[in-house]
Amino acid sequence: MRSVLVAIGTVGLLIVAAAGARADDYVLTIKEHRFTPAEIKVPANQRVVITVVNEDATPEEFESTVLKVEKVIAGKSKGVVRIGPLKPGRYPFVGEYHEATAKGVIIAE
Amino acid sequence: MLGALIIVFREVIEAGLIVGIVMAATRGVPDRSRWIMIGIGAGVLGAAIVAMFAGVISEAFQGAGQELFNASVLGVAVIMLMWHNAWMARHGREIADEMRRVGTAVSEGAKPLTALAIVVGLAVLREGSEVVLFLYGILASGTTVSSLLTGGLLGIAAGAAFSALTYFGLLAIPNRYIFSVTSWLIALLAAGMAAQSVQFLNNAGLVIALDHTVWDTSWLLSEGSIFGRLLHTLIGYTERPTEMQLVVYVCILIAMFVLMRAARYSPRHSAPAAAE
């Protein structure tokens, strides 16, 4: 019950927060099955929003067990990935459909 | 080709595990194959539709559409699994008795089959849409299509074989115990799904309370390994669970236990109970 209340309260806060903050502080671009930049530095211990832009015609799945994210991004489109709060450290991620080339790492500090 | 095989197999194996458990859990229930086939068919169809609209779903709800979709799919599956277990707690013994007497077939209603068909459909839908997108990507890129497609199809076949393996493995359990074993498997499955669902809500930016990682067992068993993935589907193994995931996991297990108890002890023969 309490978690439901917390959730409802959070939704409210989030809507307020969403009105103020822009989502594209961090942008990650997929092109020819590679991520640019391949390394992103983000602040530790806070939630971070990353916009992943897929410029390829084929879909890609942004995946990272350590970041607890699994997100399909259709070809020629973009997706929003919300992560954190992260302890300081390195958090690798891959494009699951092209794991050989699509690799990157998020550094929380 | 091997790469495609592995990627597809990894996705299919999760749905395959669920189908195998559902098959074992419905042992002796008439018409169950038809229901499960309907579930798989609807799931495949749904997967194709979801894949087609992946872009639209993703951009809905300020970019949180996909997470909300996944969370809802998992949430509905959890409810269906609870419903099934409650029903089974009440009728499981009759079915087991009947199976012992006549081998197969009972006349009990088809109610839980709708629930389980939906669970199968949703599992196939969720994992299948990723397979469809992956295979579509291969087709769209146009290079070495046939070998990659072969890999993909082999991956699906391997997943189906795994499903059969799960099923026959569970069949080795004696009739007397099979329903309690499958009930507990389903309870753990549901708890794991619920924990996954709440993480999707977190990724959507909705449920962000209690979002600190409690422990990290990636050194022991990586969630990315095949065994890690199996345990992830089966009991909801997560190498870095958040506080919220643990709370939800435990709550669902307790709720499932209480529900199964309540169903078992409800007055089945509607005789006036003296103790009440």
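The values are calculated or read from the model by the stated rules, or taken from the named source; none is laboratory data. Just so you know, these numbers come straight off a predicted model, no measurement behind them. Ideal geometry is used to build each Cβ from the backbone, glycine not excepted, and the neighbour counts take in all protein chains shown.
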Single residue of the range B:239-269 satisfying the filter (outside any helix (DSSP H, G or I) and at pLDDT below 90) that is farthest from A:Asn45 (Cα to Cα): B:His269
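Does A:Ala44 qualify as being of a type in the set (Gly, Ala, Ser), at the interface with chain B (Cβ under 8 Å from one of its Cβ atoms) and not in a strand (DSSP E or B)? So that I can check it myself, show each step before the final result.
Working: of a type in the set (Gly, Ala, Ser): yes; at the interface with chain B (Cβ under 8 Å from one of its Cβ atoms): no; not in a strand (DSSP E or B): yes.
Considered against the rule, which asks whether it is of a type in the set (Gly, Ala, Ser), at the interface with chain B (Cβ under 8 Å from one of its Cβ atoms) and not in a strand (DSSP E or B), A:Ala44 comes out as no.
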Tally of residues being of a type outside the set (D, E, K, R) and either more than 9 Å from chain B (Cβ to nearest Cβ) or over 18 Å from B:Ala140 (Cα atoms) (or both) across the range A:69-90: 10
Enumeration of residues in the range A:91-109 that are more than 8 Å from chain B (Cβ to nearest Cβ), among the aromatic types (Phe, Trp, Tyr) and surrounded by 22 or more Cβ atoms within 10 Å (Cβ to Cβ): A:Phe93
Test: A:Val66 is under 27 Å from A:Glu109 (Cβ atoms), in contact with a Ser or Thr (Cβ under 9 Å, 6 or more places away or on another chain) and either without any contact (Cβ under 8 Å) to a residue 12 or more places away in the chain or more than 9 Å from every other protein chain (Cβ to nearest Cβ) (or both): no
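Residue by residue, here is whether (1) over 13 Å from B:Ala54 (Cβ atoms); (2) at pLDDT below 90; (3) surrounded by fewer than 21 Cβ atoms within 10 Å (Cβ to Cβ) holds:
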position	(1), (2), (3)
A:Glu60	no, no, no
A:Glu63	yes, no, yes
A:Val69	yes, no, no
A:Ile73	no, no, no
A:Val80	yes, no, no
A:Gly89	yes, no, yes
Residue within the range B:203-220 that is of a type in the set (D, E, K, R), part of a helix (DSSP H, G or I) and more than 30 Å from B:Val258 (Cβ to Cβ) present: no
Within the range B:235-247, considering residues that are at the interface with chain A (Cβ under 8 Å from one of its Cβ atoms) and over 11 Å from B:Asp216 (Cα atoms), the one surrounded by the fewest Cβ atoms within 10 Å (Cβ to Cβ): B:Val247
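Tell me, please, whether a residue that is modelled with pLDDT of 85 or more and within 23 Å of B:Ala195 (Cβ to Cβ) can be found in the range B:48-56.
yes
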